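Here the structure comes first, spelled out in structure tokens, and everything after it is commentary.
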Amino acid sequence: MSRPAVWATKVSTLIQGGNLQAALAQIKVAPSVKDVEQLRSLLTTKGLLARNPLLDAATQDQINALLGSRLHRSP
């Protein structure tokens with residue numbers, strides 16, 4: 001059995017508590033696309049995503065970064 005992801009709920013709690021800078025820092029180091037999408041859905045249902053365009057942009061940018069190809073150097 002897999003354990004449920006709690007990252008999205010923790011970041012959502014940070015946002016609801018008013019600690020936007022800590023939430024943005026957590027979004028930048030998000031573990032996976034799935035977690036960021038869960039966060040977006042939580043924020044949408046609570047109406048927080050529409051009220052704060054900075055969160056919308058940050059989550060969308062992180063999804064794009066996680067989906068994009070990784071840049072690496074050849075040996």
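The values are calculated or read from the model by the stated rules, or taken from the named source; none is laboratory data. None of the values given here were measured: they were computed from a predicted structure. All Cβ positions, glycine included, derive from the backbone under ideal geometry; neighbour counts span all protein chains shown. Note: accessible area is taken over every heavy atom of the protein model, side chains too, but ligands, DNA and RNA are not part of it. Shrake-Rupley method; radii C 1.70, N 1.55, O 1.52, S 1.80 Å.
Just the protein heavy atoms count here, and of the accessible area of the chain at 1.4 Å, carbon and sulfur take up 56 percent. Per-residue ellipticity at 222 nm computed for the chain from its helices equals -20500 deg cm²/dmol, with DSSP H segments shorter than 4 residues left out and the rest contributing -39,500 (n - 2.57). Taking label points 7 Å from Cα along the Cα-to-Cβ direction, residue 56 and residue 37 give a separation of 2.0 nm.
Return the equivalent ellipsoid semi-axes of the chain as a descending list in whole Å, where each equals the square root of 5 times an eigenvalue of the C-alpha gyration tensor.
23, 15, 11
Relative to the longest principal axis of the Cα atoms of the chain, the long axis of helix 7-16 lies at roughly 40 degrees. Taken per residue, the accessible surface of the chain reaches 71 Å², heavy atoms only and a 1.4 Å probe.
Please give me the summed charge of the neighbours of residue 50: other residues whose Cβ is under 13 Å from its Cβ, Lys and Arg +1, Asp and Glu -1.
+2
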